[in-house]
Structure formats: C-alpha cells, structure tokens
Amino acid sequence: FLYGSSLFSEEDRFLRANDRAFNLSYKYADNSIKTSKYNFITFLPLNLFEQLQRLANVYFCFLMVLQLIPAVSSLSWFTTAVPLTLVLGITAVKDASDDINRHKSDRQVNNRKTDPYLLLVFYFQADLLLLSSSEPLNLVYVETAELDGETNLKVRQALTVTGELGDSIEALASFNGEVRCEPPNNRLDKFKGTLIYREQSYSLDNDKMLLRGCTLRNTEWCFGLVIFGGADTKLMQNSGKSIFKRTSVDHLMNILVLCIFGFLACMCTVMAIGNAIWESREGYSFQVFLPYEAGINAQLSSFLSFWSYVIVLNTVVPISLYVSVEIIRLGNSFFIDWDRKMYYPKSDTPAQARTTTLNEELGQIKYIFSDKTGTLTQNIMTFNKCSINGRNYGTLEAQAFFRLLALCHTVMSEEKSPGDLYYQAQSPDEGALVTAARNFGFVFLSRTPETITVVEMGRHITYELIAVLDFNNVRKRMSVIVRDPEGKITLFCKGADTIIYERLHPSCDKLMKITTQHLNEYAGDGLRTLVLAYKELDEDYLEKWRQRHHEASISMDEREERLDELYEEIEKDLMLIGASAVEDKLQDGVPQTIEQLAKADIKIWVLTGDKQETAENIGYSCNMLREEMKDIFIVAANTPEGVKQENALRKMCPDAPAVPVVNKSRAGLLWMQTAQKVPDDKVDGHYGLIINGHSLAYALEKDLRLEFLRTACMCQTVICCRVTPLQKAQVVQLVKKYKQAVTLAIGDGANDVSMIKAAHIGVGISGQEGMQAVLSSDFSFAQFRYLQRLLLVHGRWSYLRMSKFLCYFFYKNFSFTFMQFWYAFFCGFSAQLCLDTHYWTAVNQFFVWGSLAAYFAISFTMYSNGMFLIFTSAFPFIGELVFSVSLCKIDFFKLYIIPPRNAPTSWRRLWTFCHQPSHQPLLLSSAEPPPRTVVLFRCHSTILAEQDSQSSFILESGTAQLCLSYLL
Amino acid sequence: MMASSYNAKEEDGHHSGAAGHGGAGAVKSRKPDNTAFKQQRLPAWQPILTAGTVLPAFFVIGLIFIPIGIGLYVTSNNIKEFEIDYTGVDSNSPCYSCARNFSSNSTTPCTCSLNFTLEQPFESNVFMYYGLSNFYQNHRRYVKSRDDSQLNGDLSSLKEPSKECEPYRTSESFPIAPCGAIANSLFNDTLELYYVESNGTRNLVPLVKKGIAWWTDKHVKFRNPSGNSNLTIAFQGTSKPVNWRKPVFELDPLDSENNGFINEDFIVWMRTAALPTFRKLYRIIQKKPSTTPTLPSGRYILTVTYNYPVLSFDGRKRMILSTISWMGGKNPFLGIAYITVGSICFFLGADIPN
C-alpha cells in the first residue's frame, strides 16, 4: 500500500510514486521508528557514559578516586561507593526498563499493519497525500484529536485527477505522479507542494494531506501517497521539542552550589594550614607515640590533609539537592493535578501541571498576561444583535445578510437523523452565526468542496462554491465566492470592522457611519462584532482571477504572499450589508479572581484581538477598570508621534525622569549575563491604560518601548486590544526583559501560543478552541478563576515549601559538616571523623534520604488545609471560603506579597541557617562527656535561637536527626 | 462579601463522585479523589508565633527547666570527685625526679608517692581513673594504627599484621603482637592507693581490675589467638611492641585469665579517646559490705610506678577518684545550662504584657 517511500533534500523534497529506486536515491527516512537507545551489548558502556555526564556522578567518582589513595583516604571507599553504585544502579535499571519498553513499542509500531479496506477507524502511520477515497468527490473525514486535540470532523479532499484512480489496484500501481514539496517541518496547519502528473502540475496544500496521528472517520477507504515517514512526520517533528524553562530558584541554587564549592575549598585550606602548624609543633613532639610516616613531612602532610578534608567535608556540597528539589516539585505538581478545587465538572477537566519543574515560580508571579476570548469569557457564543443596512430591515438586505451568514463560513454539517442538523464549527463565532441564520430561515444544509446547499425560506438552493478565501489572524476576514443557480456570482465577506471598512466601496460611506454607531453600541455592551459585506463579480474577471489564483496556488515560492495579494485584489470595493454582534459571556468568578489577584499585587494585562470598545467594556465588567480610577488613558494613535503625545506618563507622574532609567546589573551563573531593569516609578492613585494594536506597534519600537513600559507599569490595568499573536509575545518579552519580573501568560487559542511560550509560565485554558494553547502550556485547567488557586494557594505553598526545604537542606548540610570542621581542631587536623565510619555513612545516607522524608512528612502536614480547622483566623488562605474571607483577606494578601518575593531564600536568612549550625557543635567540645549533656542542650538552644520563625519545626527535625547521631 | 462565594458551592459540593461512578458504560470521571492526602487536608498543627503564644511558652519552659537544672546540678554536686596531677612538672613535686630521669631502658622502675587528703568520705563504688592531657589518641594515623583481626585472635593476622600498623608492624623481622601505635603506647604506670590511718599505718586500698572493660570488647572484639591455651606458645614467633617491657601474655602476672589480648587494661586503652584530654577507667574500689564508706575521709598516699613518659610532648598525667550517679560522672555543665536557659526563658516569659 505504501506507494513511494519518501524523502528529501534540505530545500525541497522530490518523490515519484511507484518508483522505489528513484525515491531511495534521496535517502529519505523510512517509516520505521527507532526510539530505543541501547542494545544488549552497548547498554553498559553507553549508559555509564551517559550517567557520568551528570555533575553529581562525576563528583562522587572523583571522591571515590580520592578515597582509594591510602594517604588521603579519611573514609573507607565504600562510604562513597555504596551510594554511587546505588544511584547508578537504580538509574541504569530504570533506563534499561524504559529502553525495553521502547524496543517493544518500536517493534509494535513498526509492525502495525495499515489496511484501509478493513477498518472503519484507523490511524495513519505516515503523512500521506490523499489520492482517492470511497466517498463522493474524493472526500475523507478525519479527526485530529491526537494532533491538536480538536474533536470536530475535518474534511480532506483529494485532487480530482488522482481521485479518478479510485480503488483500482492496477491504476494505482501505475500512478507515476511526481511530488515536489517542502522539507519536513512541524507546522501542522501548513503544507506546500505540487504534484506533477501527466505533465500537468497541481497545487497541494494542507487539505490534501492526511497526517500521522489523524483518525479516519465515516470513510470506507482511501489511498494515499506517503510523503513523510517515520521521524519526518509532522507528529514526530512536533514531539519532544520543548524548551526547558528554569525557575529563579534554579538559578539561585546554581549560584549557591558554586559558592559552597568555594566555601569547601576555603575550609579545606584552613584545615591544611592548621595541619601544617599542628604537625610542625604538636605532632613533632608527639612522635614518641606517633612517628611520622616514612617520607612525609609537615608540608606534604598538610597537602594530603587538604584532600582528606575534601572527602570528610564533602557533605557540605548539596549535590543531592538537585534530585531532591526535582522530587519535591514533582510532588507539588501532583497536588496540583489532584486538586478538586481546580476540577471543572462540566467538561470533566482536572487541572494539569504539564511542566513539573515550575511550581515555586507560580508563587512569584508579578505580571499576568491574559487573553480575553475563551479565557476571561466562556467562548460560548450567542447571536445577540445585528445591524442590517443601518437598521433598515428591508427584506432584500435582510435576505442578503442571512444568506451571507449561511454561506460564508467553514462549518461542517452532519445530519445525525433526518431533520436533526448538527453543526461542527472550528470557532464558536461561526457556529453562532450559522445557527442564527438557520433560525431566521436560511438553513445551511450541507457542503461539498464545490457546492453549498442551503434552504432559503423553504426553497432548496445549491450554490456553486468557486473559492474560499480563508480566515487567518492577519487577514482577520474570510470570503467565499459563490455562483447561484441563476448564474450570478457574488463574493461574500465577513470580518473585523476595521479591515472591512478599509475595503468598502465609497458609496457605502453613509451606511458605514450608521453601522459604526451601532457597532460602538454593541461593543459597549461587550459583544463581539463582525461586519458583513458583499460584492458582485462578473464572469470574465473571475475567470482571469481564477487562472492567476491557480498559478499562485501551485507555485512553490512565496505562495502565501502571492495568494494574499490576489485576495487583497478581489476583496475590495465591497458593499456593506451590516454587522452582527455575538455575545460571549464572562466566565464565572472572573471579576472576583481579578480583584483578588490585584490585591496580591499582581498586575494583569489583557491582550485581546477584540475591538477597543469591547475590550474596554470587558475591562469594566471584570473589575479591571473601575470608576474610582483617576484616569483611563486611551492610546489609539496611528503615528509614532501621536503615540508619543498621548503618552500618559506626565499626567500620572510629573516628576518622573524624562529618560527611562535602566539599571544594568550582572546576573545568572558566574554573572555572565547582563540584566537590564527598568525600576518601577511611584505613582499616586490608580490608572488604567488602553492601547490598540496600531499604537502598540509603534510603542513596541525601539525608541518608544521603554517609555511605553514605564507608562504601562504605572497603571493598575493595561488592556491591549486589536493585537496580533506576535505582538502578544512581544509585550510579554518586553516586560520579561526590562522588569526582570516573573510573568505568566494565560490563553486558550492558537493565537495565544506565542505568548504562552514567551512567558515564564504559560497557562492554557482547555476550552472551546482546541488544544494548541494547552499543548504548549505549562499548566492547564478549564476556567480562568482557577488561576487564583493556582497562584495564591499552590504557587505560594510550593514556594514556601521549596524555600523551607532549601533552608533546611543547607542547615542539615552545614550542621553535619561543621561538626567535622570543629572537631579538626581537637584531633590535630588529621581528618579523623568524629563518628565511627560505618555510623557516619549511615547518618549521611539517613540525611540524604531522610531529609526528603522529613520534608514530606513535616512540610505537607504543616501547610495542609487541616490547619484551618484549628486556627481558622490565622490561615485565611484564599479558596478556603468556608470562613469569611473578608475578615482576614488583607493579611493573606500581604502574606503573598511579603514572604514569597525573595524573603525566604534571601541571603540573610540563608546565612542564619548556615552559620547557626556552625557554632552549635562547638558546644559539644566545650562540654565534657557524657555527650548526652550536649545533645539536650543543643535542642534547647535551638528552640531559643529560632524563636522568630516557624521553621523551628523543620529545624527541630534536623536537630532531632543530629541528636540521634550524638546519642548513638 | 459576595465575591468568591461561587467557589465553595460549585467545586466541592453537589458534584462529588456522582459523575464518576455512573452506570455501565459511563466514562470514568477524571475528578480527583477526595482523600485527605490528595486534597492536602491532612490534620496538621503549626505553632503561630506571636507574643501571646511565644511568651507564655517561654514562661512554661522556664518553669520546667529551672527545676530540672537544679536537680541536675545538685546531683552532679553530690558526686564526689578527686583529681591529682602526678606528672611531676614542678621541681618540688614528688614525681619530679622520676619525670626528669625517665629512660625507657632502665630496668629499675622509678617510684614516687603523693600524699593527698579526702575531705569527704566517698560512698558506694568508687572509680579510679587515670587521665592524660595533650595526648592525641584521636589522630587519624593513630586511630587506624591497629589490626582488629589480629586482636580478635586471627592466626594469619597474628603472623602477618595489617599494613595499617606501620611502623609498629614488625620488630627484628618478627611480627609485633599486638601491632600498631595504639598498642605500642599502652599506658603502663602502676598506681597504688594507701589509706593512712590516724595512727600512721598505711593500709593498701584493694583495687579491682575486673570489669573495667566493656563486656563486648572483652568477649567479642578481643580474643587470644586460638589453638593453644598456653599463651606463651600461642604468641610464639611474635615480638612484643617496642615500647613494652614485657610481652602481651605476661601483662598480668597475678591473673592468668587476664593476659594476652583480653587484658582489661589493654582493652580499655585500645578504645581510643575522642579528645586529646581524656580519662580512662583504671580500677574499681568496691564498696564495703559494712556501713563504713568505701573511702573514708582522711589522708591517702598514691604510689606511682612511673613508667609512662609524657613530658616530651607537654602531656599531663592525673589520677581521678570519683563516685557516680544515675547521670554518670560529675558534670555541672548540664545543670548550669538548664538553669541558665530556664532563667532566660523565665524572665523573657515573665514579661507577658497582659
């Protein structure tokens, strides 16, 4: 069945059907997939090599080598060898079992038979060019849930010329078309290629492709030509290419670990110097009982003791920290997944932490960038109002209006039972409009690629579909060109008002004014508006246009640009029909959520493609813009100068410096990166800012963007309307770069993907508009209001837990190590352990694993909701509204503001945690035996010293561990 | 306020489980389980640290600690301890000449006597320790300079001691038993105690040397080489440690059961001290069956057979007599610490504003 196996050169891909030799000459990827990494023989060396690339393992190996040198070895080699083998062993077993599974699945996938004759539902195993199908007009219905999560049926149609091949095996076997197409890529919605068959070239686009991962539906059989196989398929190209997002805690940890390495070196140097002094003074005279080793003098002994102490004091290096932190994050992610308060029963969607490494960053969000449609609103559209010909309900115009609605769309209809029409729309707007048309007597019945059948006031009419000028985010409009049974050719166009207005015939000016008035009214009510227009075309012109359209659509170079030009050309001088308004209700709890987030000092920017008025209205209805605001600036200029003039900076803060201050500082690992930061300006009162896409484009230019950023950051609320997906990402990046603040982007549609990827944390709303946003997000849930719980509860908890854990981790490392450090002063800096070796090993391992266990045991119960039941007033966490929120919310929000930002992991605090254990073991030596004395005292001194913080809990557990060690 | 009241009603209330456990064919709900762990509702308690809670806590801690401290302090004070330095650093101290004229190969042992007075009688069992200062028994090279399997009676290790014992591994091509620096530096002063009665007669205080080592050491860790009950033959082919005057099988001329590796003085010494100033149990003075105190107050004479050199490294030697209590030896530190902490807490806590 596989016709030509495929593939390509970097530029273009050529393949010829049924010509194996020709295709093989290009060495394209075959359809077998190899995901396994090892085989039986290579496993051990490869796996070891891979594992030894990890810093921690290398470090342990280095230690072990040191311990094998007898003069240096202060610990027996097994203290390191045992954990190292354990870690390597467990990882190897895990890798091995993973690989066995991969081998299995590879085998299974590669052996899976694709037999379209027998199966009604089957998965495509490669990216195919559709040749022919069982359905009339070579249609094929597919579901792409596995690719993009959208469950509505999509239509694919084969070229008529290949469709003629039918299911005749001979014809298919002798098919010798040549395909020239783009190289493998990961764009699911685009395909560009040409088929050369019988010396004719035909354009190939995404509509003729069946991608791997699609499911065939309602279709008996189909034949296809494999274009991309194996790893070249779009599905495979899309997988496994995630960008690693790292949190600020990660950066902090890297710096800390480096510092600690330095600190270890310092300690060892002190020990080496101490050893030199001791050996030359005390050691020299003590030779009566302890003679020098042969050939080792004080200098050499001092050098050796440096390395001995590297081994003894290695416990200070938190090398297991990375693993522990990952495990904790994973645990916290599970708590997000498990949270019933973020579960949406209506769509049976629980929240999902898709990235498990970002939890604590959730507690530090300063800016939220939100989409509007589907994020703040439900994205369930209802046709609400319309303006036809300036509210003149003349029958002709009304008919044209609804005819347009019934014709100009990409909705699929499905007649489940006679009379029960069911529309499958890719966007809810379209569904609402087509349904509205049906309710007004213009029933969209069915479509084929070349016709659309509607019932107009009871009459069946079949329109010939000449062209569909598709919708996209740049065009912001769609058109269809149809020929009615009388032969009249009409172009119907619907789209965003600004776009359509630019393309109207001058004779519509008057109507335009009235319609604009209506549009503003609708937008003021928060409705989504579309403007409808039409144009009559004459046959000759259309014929020429079609010719050029065909040429453009089969060209390989600049196909999209050429098509756009053609569309631009035909979509002009349109006649205005009217405007429709669709209502999109706010989701539950949005105003409240926004209010709470604002109280937690989180700034929310709404970035929407909607009209300014709609956006403004939504801003009011969800509490972002408020009457008590001092001023709301609206920037809607069309020139850079205009934008500059409207800049509201002066009005808000006359004292602000004219030139934005940029603080440059060094950041990151080893301070290699330069960080730029624009400091916040102080401003009295609350302001709002609304800026439209045109102005935003100027505001984002180099000379204005800092000015824009300052202004925007002074405002409580920023709404950007009419923005493109690219602009959304640019705004996020601007804030990210110059504010050095943690950003979160939340959205539900494909147009939010860029913004979601650009922000520190991307949140996807799994709603009406497919799964693209969710697939590229880090966290996903079904309703905007869960953001509150995600940030204020999970984020805060994760952050607190993490910072507590870090503090505790350093505490236990330092206390365990300082014991050895101070003991050195009493044992002649000889690197003698102050505990028995076996016991030391046990305690060390107990610490490594026990710290995790202790952490989970203590911290989770500490922060679990159980506390509410005991101290209701002290734990007014949001989301727990059994008790009145208003009573204590202020405290809570302050809590969010004060500790999570920087405080728990601040250097001062870490210092407290680190130096404290350093002096505690001193007490050990100041007291004579029995050692129990010291232990008891230590416990109490800890209570005393830690009176200021809740951490005493964890400290106590650490102390308890230490106590245990002394006691034993 | 009205805000947020949406929260409670929808999420947790009516929908619980209903969707999940529908009839046959119903898709299993993805609603997370309502367990205390998953919903983070585990019972928990966390102290809220405010002045109102911390200060009373301090007060209570003070109230508890001060009595404990006093109890510990009194107990420690009731322990009687006597310590005397016999190193002989001062020219007027009795052991001065022994310390000065020390020579390891002199055959006649140097003896010196110290007079001292016990002001109070020592009741019950009295423990006699020797104490050393500035002696680094905790040096890494010293600590590892032993062969545990040799000490455990292993025959091959007896003939072929571990390398760790260097440079006290062999002597004149014979393996040293017991090998290593620890054994070589065995404390070998002999201490004798006399009670001087009021009429001037000296009575030897009976010192018990049985039971000063740990049971596990004596019976498990340390064993004489097996094969021959006659230790002289068992240790044939080995050499005594260089510093020793007599071989290991002649350590105790009075008790044949206390010779070889299981000599209790030897075992006590082999358990190395953690700090450079330490004391080790030397003898036990058993309490008398009658009501007379074990050591009545009065004059005593300590006779030292001075064999152990410490002056070269500025070390000190002491003899300590001590009774014990339930909390071990004399240790006022713990009691003082409790009292101090308790008092601070008490005074902090006593300042409660209300």
Margin query: When you check B:P178 against the structure, is it over 27 Å from B:E83 (Cα atoms), crowded, with 22+ Cβ neighbours inside 10 Å and touching a strand residue (DSSP E or B) at 6+ places or on another chain (Cβ under 6 Å), yes or no?
Written below: no
Next item on the list: Kindly indicate whether any position in the range A:316-325 is more than 13 Å from every other protein chain (Cβ to nearest Cβ), open to solvent by less than 10 Å² (accessible area, probe 1.4 Å) and in contact with a Lys or Arg (Cβ under 6 Å, 6 or more places away or on another chain).
Entry: no
Check: Can you find a residue in the range A:600-611 that is modelled with pLDDT under 85, within 14 Å of chain B (Cβ to nearest Cβ) and either out of contact with any Leu (no Cβ under 9 Å at 6 or more places or on another chain) or under 22 Å from A:I691 (Cα atoms) (or both)?
Finding: no
Notebook entry, point to check: Residues B:F278, B:F333: which one is within 12 Å of another protein chain (Cβ to nearest Cβ), within 28 Å of B:P109 (Cα to Cα) and hydrophobic (A, V, I, L, M, F, W, C)?
Noted result: B:F278
Next item on the list: Go through the range B:1-108 and tell me which helices (runs of 4 or more DSSP H), entirely inside it, have 3 or more residues that are facing chain A (nearest Cβ under 10 Å), more than 29 Å from A:K599 (Cβ to Cβ) and modelled with pLDDT of 85 or more.
Entry: B:51-78
Next item on the list: For residues that are at pLDDT below 90 and within 24 Å of the chain's Cα centre (by Cα), tally how many sit in the range B:144-167.
Entry: 1
Margin query: Condition first: open to solvent by 40 Å² or more (accessible area, probe 1.4 Å), farther than 23 Å from B:A274 by Cα and either touching a strand residue (DSSP E or B) at 6+ places or on another chain (Cβ under 8 Å) or among the hydroxyl-bearing types (S, T, Y) (or both). Now tell me which residues in the range B:133-174 satisfy that.
Written below: B:S156, B:K159, B:E160, B:R169, B:T170, B:E172, B:S173, B:F174
Check: In the range A:294-313, is there at least one residue being within 9 Å of chain B (Cβ to nearest Cβ), surrounded by fewer than 22 Cβ atoms within 10 Å (Cβ to Cβ), without any contact (Cβ under 8 Å) to a residue 24 or more places away in the chain and in contact with a Pro (Cβ under 8 Å, 6 or more places away or on another chain)?
Finding: yes
Item checked: Conditions (1) touching a residue at least 60 places away in the same chain (Cβ under 8 Å); (2) open to solvent by 30 Å² or more (accessible area, probe 1.4 Å); (3) among the aromatic types (F, W, Y): number failed by A:Y541 -> (1)
Margin query: Go through the range A:484-496 and report how many residues are surrounded by fewer than 22 Cβ atoms within 10 Å (Cβ to Cβ) and within 32 Å of the chain's Cα centre (by Cα).
Written below: 1
Notebook entry, point to check: Can you tell me how many residues in the range A:533-589 are acidic (D, E) and not in a loop (DSSP other than H, G, I, E, B)?
Noted result: 13
Margin query: Could you list, ordered by first residue, the pairs with Cβ atoms under 7 Å in which the first is in the range A:198-212 and more than 16 Å from A:R156 (Cα to Cα) and the second is open to solvent by 40 Å² or more (accessible area, probe 1.4 Å), at least 6 apart or interchain?
Written below: none
Next item on the list: Go through the residues of the range A:752-761 one by one and say whether even a single one is more than 24 Å from A:Q424 (Cβ to Cβ), open to solvent by less than 10 Å² (accessible area, probe 1.4 Å), in contact with a strand residue (DSSP E or B) (Cβ under 7 Å, 6 or more places away or on another chain) and free of Cβ contacts under 8 Å to residues at least 24 places away in the same chain.
Entry: yes
Next item on the list: Of the conditions (1) open to solvent by 50 Å² or more (accessible area, probe 1.4 Å); (2) part of a loop (DSSP other than H, G, I, E, B), A:Q399 clears all except one; give me its number.
Entry: (2)
Notebook entry, point to check: Could you list, in sequence order, the residues of the range A:326-352 that are among the basic types (K, R) and either within 14 Å of another protein chain (Cβ to nearest Cβ) or touching a strand residue (DSSP E or B) at 6+ places or on another chain (Cβ under 8 Å) (or both)?
Noted result: A:R340, A:K341, A:K346
Next item on the list: Quick one: count up the residues across the range A:47-70 that are touching a residue at least 24 places away in the same chain (Cβ under 8 Å), within 21 Å of B:E164 (Cα to Cα) and surrounded by fewer than 16 Cβ atoms within 10 Å (Cβ to Cβ).
Entry: 1
Margin query: As an exercise: evaluate B:F122 against (1) more than 28 Å from B:F102 (Cβ to Cβ); (2) within 11 Å of another protein chain (Cβ to nearest Cβ) and give the number of the one condition it does not meet.
Written below: (2)
Notebook entry, point to check: When you scan the range B:180-203, how many residues do you find that are away from chain A (no Cβ under 14 Å) and either of a type in the set (S, T, Y) or under 29 Å from B:K317 (Cα atoms) (or both)?
Noted result: 14
Check: Restricting the range B:130-151 to residues that are in contact with a Gly (Cβ under 8 Å, 6 or more places away or on another chain) and away from chain A (no Cβ under 11 Å), which is farthest from B:H219 (Cα to Cα)?
Finding: B:S133
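The values are calculated or read from the model by the stated rules, or taken from the named source; none is laboratory data. Predicted model, so just to flag it, every value in this text is computed and none were measured. Cβ: placed from backbone, ideal geometry, glycine included. Neighbour counts: every protein chain shown. SASA here: full protein model, heavy atoms, side chains in, ligands and nucleic acids out. Shrake-Rupley method; radii C 1.70, N 1.55, O 1.52, S 1.80 Å.
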